[in-house]
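Here is the structure we will look at, set down as structure tokens.
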Amino acid sequence: MKLTLGPLLGHWQPQAWADFYARVADEADVDRVVLGEVVCSKRLPFIADLMAPAMERLSRAGKQVVLASLALVTLPRERALCADVAAATEGLVEVNDPTLLHYLERGRAFTVGPLVNVYNEGTLAYLAARGAETVCLPPELPLAAITALAAAKVTDIEVWGFGRVPLAISGRCYHARVHGLHKDSCQFVCGEDPDGLPVETLDHESFLAVNGVQTLSFTAACVLQEVDALKQAGVARLRLSPQQTDMVAVAKIFRERIKGSLAAAAAVRQLQALVPDMPLANGFMVGRFGAERITV
Amino acid sequence: MLELVCPAGTPAALRTAVDAGAHAIYCGFADETNARNFPGLNFSRDELKSGIAHAQARGARVLVAINTFPRAGEPGLWHRAIDDAARLGAHAVILADIGLLAYAAEKHPALRRHLSVQAAASNADAINFYVHEFGVKRVVLPRVLSVEEIATINRDISCETEVFVFGGLCVMAEGRCSLSSYATGKSPNMNGACSPASHVVYKQEGDGLAARLGDFTIQRVGKGEAAPYPTLCKGCFSAGDYEGHVFEDPVSLDAAQLIPRLAEAGVTALKIEGRQRSRAYTEAVVRAFRAAVDAHARGLPIPAGVLQNLTEGQRSTAGAYKKSWR
Amino acid sequence: MTEQATSLPLFPALASRLMQPLPLFPLRLAAQKVVDSLAARHPGLFARLGDQASKTFLLDPTDLPFAFILRPRPDKPAIDVVKRGEAVAWEAHIAGPFAALLGMLHGTMDGDALFFSRDIIIEGDTEAVLALRNALDDAEIDLLGEITASLGPLGPWLEKPLRSLTPVAERLTGVALTRARAEPSDA
């Protein structure tokens, strides 16, 4: 079982962004790195000049690099970006919306991100025939569905392994809204909350996190307890979604758990210590409500 | 003339919609194959057969929504739904899942395929993908687009477009939201219900009213304040210094006054949300919108709104159709 | 803002008070007869309830001195009448002015709209409430028709004169006494 580092979902400052990928290239024990802006096209100019050097450094360090595309495409310039992603790169691209499929030649290899609705064998078979070589499944899928899809053996199956779960995406920017702004004049307030802005219920219970036009879970999903079951099901990869913590250490915990040199309970305890403010949850994986927390 | 596509959660609502002037009625089977899988709602095979006969006899068409995403390992329920819709003479099926689109295109090439709003095809490239790959004839546009964007899309695609003009408003891209699943374990995409009634509890707190979804309090209103649907995205929360409706106010979409602009933008059909509502709602909303569509066809102004009581929170919005909504 | 956004007619308080001391027994008998007749004439109503038919509903016209307990079992639906304030066990509770409940039953008022405006209150098992609301809405019940049907051979004799009175009574009271659609449903 391999490890994929997912794209940064939050809006990180350019220097932090560049530093993050430099460290991942040099130190993180991951097999594949997906990078690029997925959530909001307005953020792209901040990283446009940083992308090529980061990709090159990651490649040189032996990581397979995948270029991510936007999840919600409405504007003409966003369509053009999809065309650019399909045309400009020689490596793998990650499809995060069917828009990109319109631009990818038949037979060209690609990966599919967790925001594309792949729930069943029919959809998986279509994508495999089009050239999908890895499909990261929607994080809400339970183990039973994951097992059925892995059993189809038509693409590599990747599962959301760690991180706040992307739950929804919208045309409206909630970061702007809670700051009394509109999306068009947002002042990039989402940059203040690289892991998202926590949303509490009226009873002051932490519930969600707002990341611009995206809504994330407040809890961080964690499949450390299900690693053996996922291996047995034939899952090829786990995706680690970057949070503001030591992702090199996160990758190490997952690697050791996969190898079997770290027990599940100890692994969960170590991971929770790395993200003390983000309770770990596995409700989706065990077929219950997503917010349900891990019990060790 | 613009086509008016109206909801029916029950056979009685279907007949009501036909009588009130619907050009087309959409409905679903009483199971997880459609996105309004609510208790006491929807159609058996026999009921659909009678409903189609009733509608056809009066010149109306019936569209069958099979717009959830089949469960891995158990596609049979969804495949049978498509087979039966075809056999019973549905005018079209409304699909969201790529696998189901491929199945319908292969097994029932003559059956018209509409792309559900649950597929959230939000630009011309995505729509063209579904048209080229699966022969989609009409796409129901997601409620994240402005009128200008709809016009742009229509210039670049070869299929028809259908847009929502009234009813409950998803603020998230449809079919790409697992908020409900996160709170309750029931997934709109997999189980066909957002904020399912089985997990909703209303509690009177003195003169106030609280709504809980699963373990989470999502709304609390005082005496005399309008009660909202218990949908997560219309709930009251706090985020940073902000306290209130973080995602959307408890409002409904009412785009009646935008009908002339939507027509200019090249839209073929107008859709009313609300298969879960009563036939009193169906009667009032369909009649009002048929009058609006007829007025527009004759070059007359659209009659002013009369549907305020039927809207969630008793307030309405033009939603994403106006760019300031974002 | 007033408590009721829509202005529903309320049952006159005086009339309601005068009804308080009345024995419930005859009302119980009559209600059960109507429900029996309903079950015979609308078998689909109980099928539509599915699993929710096993629940117990408190139907609570808040401007009347009594309420109804409905157990809509498909094999033997039962209804009971209880005095306001009497302790009863229920799983789903629907409360509101009699006019609102009748309006929902007759398809002239939308249950969601009555809920948004706080004219009706629901408590307990929300799924059961929704199922009952949807099943009743589909059944296109006409209470006057059901009552006359429950009277057996006498019914048809009474139906015509009663129907001729209802438009006047509806105008006077503002309450939907008959179904919204006059013609019988042709399934």
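Can you give the Rg/Rh ratio of chain C, where Rg is from the C-alpha atoms and Rh is the Kirkwood radius?
Ratio value, two decimals: 0.93.
Which of the lysines could a cross-linker bridge to B:Lys322, judged by Cα under 29 Å and excluding same-chain residues fewer than eight apart?
Qualifying lysines at Cα under 29 Å: A:Lys42, A:Lys183, B:Lys137, B:Lys234, B:Lys271.
Given a cut-off of 32 Å, name the pairs among B:Lys107/B:Lys323; B:Lys186/C:Lys83; B:Lys223/C:Lys55; A:Lys153/A:Lys252 whose C-alpha atoms lie farther apart than that in the structure shown.
As for pairs spanning more than 32 Å Cα to Cα, those are B:Lys107/B:Lys323; B:Lys186/C:Lys83.
Measuring from the lowest to the highest alpha carbon on each principal axis, how far does chain A reach, largest first, in angstroms?
50, 47, 37
Between Rg and the Kirkwood Rh of the protein assembly as shown, both from Cα atoms, what is the Rg to Rh ratio?
Reported Rg/Rh (Cα atoms, Kirkwood Rh): 0.99.
What is the order of C:Lys55, B:Lys49, B:Lys107, fewest Cβ neighbours within 10 Å to most?
In order of increasing Cβ crowding within 10 Å: B:Lys107, B:Lys49, C:Lys55.
Decide, for segment A:144-197, between rounded, prolate and oblate: order the square roots of the alpha carbon gyration tensor eigenvalues as a ≥ b ≥ c, take rounded if a/c falls under 1.5, and otherwise choose prolate if a/b is larger than b/c, else oblate.
It is prolate, given that a/c is not under 1.5 and a/b is the larger ratio.
Give the cross-link partners of C:Lys160 among the lysines, using a straight C-alpha distance below 27 Å as the criterion and excluding same-chain residues fewer than 8 apart.
C:Lys33
Mind running the shape call on segment B:181-288? Use the C-alpha gyration tensor, a ≥ b ≥ c as the square roots of the eigenvalues: rounded below 1.5 for a/c, prolate if a/b tops b/c, oblate otherwise.
The shape class here is prolate.
Scan around B:Ser316 for amide H atoms under 5 Å from its own, H built in the peptide plane at 1.01 Å from N, and keep only partners 5 or more places away or cross-chain.
Excluding prolines and chain starts, which carry no amide H, the hits are B:Ser252.
For a quick size check, give me the Cα extents of chain B along its three principal axes, largest first, whole Å.
So the extents along the principal axes, rounded to whole Å, are 57, 52, 39.
On average, how many beta carbons from a partner chain sit within 10 Å of the beta carbon of a residue in A:283-295?
Partner Cβ neighbours, averaged per residue: 4.
Rounded, prolate or oblate: which fits segment B:179-244, taking a ≥ b ≥ c as square roots of the Cα gyration tensor eigenvalues, rounded meaning a/c under 1.5, else prolate when a/b beats b/c?
oblate
Just want the ordering: A:Trp17, A:Trp160, from fewest to most Cβ atoms lying within 10 Å of their own Cβ.
Arranged by neighbour count, lowest to highest, A:Trp17, A:Trp160 become A:Trp17, A:Trp160.
Run the numbers on chain B and let me know its relative contact order in percent, using alpha-carbon pairs under 8 Å that are six or more apart.
Here the relative contact order equals 20 percent.
Give me a comma-separated list of calculated 3J(HN,Hα) values for segment B:109-123, in order, Karplus coefficients 6.51, -1.76, 1.60 applied at θ = phi - 60°, integers in Hz, x for any Gly or Pro.
For segment B:109-123, the Karplus curve yields x, 7, 7, 5, 10, 9, 8, 5, 4, 5, 7, 6, 7, 10, 7 Hz.
Taking amide H positions as placed in the peptide plane 1.01 Å from N, state which residues far from C:Met109 in sequence (5 or more) or on other chains have amide H under 5 Å from it.
Distant-sequence amide H within range of C:Met109: C:Met104.
Please give the average number of partner chain Cβ atoms lying within 10 Å of the Cβ of each residue in B:39-48, rounded to a whole number.
Average neighbour count from other chains, rounded to a whole number: 5.
Can you work out the Karplus-derived ³J(HN,Hα) for every residue in segment C:32-37? Use 6.51 cos²θ - 1.76 cosθ + 1.60 with θ = phi - 60°, whole Hz, and x for glycine or proline.
Karplus-based 3J(HN,Hα) across segment C:32-37 equals 5, 4, 5, 5, 4, 5 Hz.
Hey, can you grab everything whose amide H is under 5 Å from the amide H of A:Val199? Only 5+ residues off in sequence or another chain; H modelled, so Pro and N-termini drop out.
A:Phe207, A:Leu208, A:Ala209, A:Val210
May I ask you to order C:17-29, A:196-208, A:115-127 by the average number of other C-beta atoms within 10 Å around their residues, highest value first?
Final packing ranking: A:115-127, A:196-208, C:17-29.
Got a sec to turn the phi values of segment B:287-301 into Karplus ³J(HN,Hα) couplings, 6.51 cos²θ - 1.76 cosθ + 1.60 with θ = phi - 60°, whole Hz, x for Gly and Pro?
4, 5, 6, 5, 4, 5, 5, 4, 4, 4, 4, 8, x, 9, x
Relative contact order of segment C:13-140: what whole-number percent is it, with Cα pairs under 8 angstrom and at least 6 residues apart?
Computed over segment C:13-140, the figure is 25 percent.
Let me confirm one metric for peptide A:202-209, namely the mean number of other chain beta-carbon atoms within 10 Å of its residues' beta-carbons.
Per-residue shielding by partner chains comes out at 6.
None of the figures in this text is laboratory data; all of them are computed from the coordinates on show. Because the structure is a prediction, the values reported are computed rather than measured. Cβ sites come from the backbone with ideal geometry, for glycine too, and all protein chains shown count toward neighbours.
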